[in-house]
Amino acid sequence: MRARSSGSRGASPGTITVRCFGPVEWGRTRGRIATIVNHDRYTYTAPADVAGSLGPHTDYAADVYAATDGVRRFVPRPDDGREGYVARAFQIGHSLLARDRAWEKATFDDYCLGKLAYDWVCHARQRLKPRPLKMEELFVPQRLQSMLLRTDSLPDELVDLSDDNSGRRIAELAVLGRERAAERGIEHPDETELLGLGLMTAARGRPPLAAAASQLEIVVRDALFDFADENEEPMSAAVWDEVAERFEDAVRDRLWDDQRRFNTWLYGKRSYILQTIEKSATLPAADDRRKWVRRAMLAEAWKGLGQVNECLDAFAAAFERAITRRLNLAEQRLYRSMYRRQACYGGFVLPLLLDVGDLLKHAVLDLWERPDDPQTQDVFQRLLLYRSQILPRVREMQRVARADLPLRENVATEAAGFVQESAWEELTAHILERRGVKCPQCDAQLVCTVGAGRKSTSTVNVEVACPVHGPLPSVRIATAEFVAAHAALQGEESRSC
């Protein structure tokens, strides 16, 4: 074990201790062969003149891997992950900034409140949390198209994939994704990977966004949060200030809670922070107080994200300065691309964007390999833009569908969305055949009708009967099965032509 201290001029950035583990396998994934790399662990310790504000948590450890090219790559330990890195890097970076800028206590506390507001919004419904996304979710059901004025949830600029045909556009994305997956050696990509890879391929052939940093900041915001229903009318500075003050008061009142109880109040499943603020705040429009509180908290959280971003950048700069064996140019490009603020990320550090990994997983991996490649950066930016359009539209469609009348009549059209009612018998026959549902006593064609079961917008209760031997057990068919059956029958029809 070798201890390394910083020799930097000025205030100490901290010290780093290196522990060597030797050769390990790196990068083993589905269909990919692992590479043998050298593994070290760099443990950073904050300088003594800031440690007092950190309590017992003055250390942060990162895994460092170097392949045959000798270039060191820094990644958070698996036990920490992205969230652990953000929490520790904020805590240390916050204390370093307080020391270097000689902050007043009010400023120090304001950054802490910003972090708490950011933590709150990461669990709020406005957060576009990463999740598996299926191709069928991109279709807008026919009954909702007149309300939403669109036939799918794809980004605006991808309308040229196939003129006025949502099915073909989405199918083409799947084909592009499968081709890209084969090129990358991914044998069994899931639907989210196929969609992300297809979007990457579609993005590559387009002119660069060439957006200013301020415009990219809005793209980042819209890729992380769904603020669409919060922008109906301007919010006054007085409302924001009032809610921010009540938020600070509420936090101070709970400083003596244990961590579990505090977290439940702030962002647990039964969080009641908005109710706490609403009761004490003086706001206009007494009949709509909750909306104003939520909107002001979202504004506070967006400001908090900027403060967290600033602290993460400060920590990354200190960590780099604390390394005795200085990073060479290639290592600097990699490290700064991954951990320092970059104009191509809208002025943010990449760890704050990494939980958009549902659609951007492979775009992020490309950035890891080629952080200074303009095309790789542009594809990443474009996928942020695509995510900022796709996920809110899928959410909006789901909200409208829940508010709409449940599936009862014209079930073929309602269930499959884009399927004509005349296809009902053909679709159900196809689904039942695939399931192996038939009369146990004969081969007569089954008769299917809409059942009277629980109303749902995601499944249909189908009563099944044999015209000769009478009723059979009813079955429930998901809307996804209608969509798949329709696609399969269309494929058979096109092949026969």
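Across the range 180-336, Cα-Cα pairs farther apart than 23 Å form 63% of the total. Mind checking the log10 I(q)/I(0) for the range 83-192 at q = 0.21, 0.24 Å⁻¹? Debye, one equal scatterer per Cα, no solvent, two decimals. Results for the range 83-192 at q = 0.21, 0.24 Å⁻¹ read -1.14, -1.31. A Cβ-based charge dipole, computed about the Cα centre of the range 82-404 with Lys and Arg at +1 and Asp and Glu at -1, lands at about 800 debye. Ordering MET200, GLY114, ILE390 by Cα displacement along the dipole of the range 82-404 toward the positive end leaves GLY114 in first place; charges were set at the Cβ atoms of Lys, Arg (+1) and Asp, Glu (-1). For the pairs LYS269/LYS291; LYS105/LYS291; LYS115/LYS269; LYS134/LYS269; LYS129/LYS279, note any where the Cα-Cα span goes beyond 21 Å. Among LYS269/LYS291; LYS105/LYS291; LYS115/LYS269; LYS134/LYS269; LYS129/LYS279, the Cα-Cα distance tops 21 Å for LYS105/LYS291; LYS134/LYS269; LYS129/LYS279.
Residue-wise HN-Hα couplings along the range 76-90, as the Karplus relation 6.51 cos²θ - 1.76 cosθ + 1.60 with θ = phi - 60° gives them from phi, are x, 4, x, 5, 8, x, 5, 5, x, 4, 4, 5, 6, 5, 4 Hz; Gly and Pro carry x. If R0 equals 60 Å, the separation of the Cβ atoms of ARG204 and ASP257 corresponds to a calculated FRET efficiency of about 0.75.
The fewest-to-most ranking of CYS439, CYS344, CYS20 by surrounding Cβ atoms within 10 Å reads CYS20, CYS439, CYS344. Here the Debye sum runs over all C-alpha atoms of the range 82-404 as equal scatterers in vacuum, and log10 of I(q)/I(0) at q = 0.10, 0.11, 0.12, 0.16 Å⁻¹ comes out as -0.67, -0.81, -0.94, -1.40. Counted residue by residue at 0.36 nm each, then reduced by the alpha carbon distance between them, the extension gain from GLU187 to THR264 reaches 23.6 nm.
Its alpha carbons give the range 56-141 an Rg and a Dmax of 18.8, 58 Å.
When each of ARG131, ARG184 is scored by the number of other beta-carbon atoms lying within 10 Å, the sequence from fewest to most is ARG131, ARG184.
No lab work stands behind these numbers, since they all come straight from the coordinates. Remember, predicted model here, so these are calculated numbers, not experimental data. FYI the Cβ positions are ideal-geometry reconstructions off the backbone, even for glycines, and counts take in every protein chain you see.
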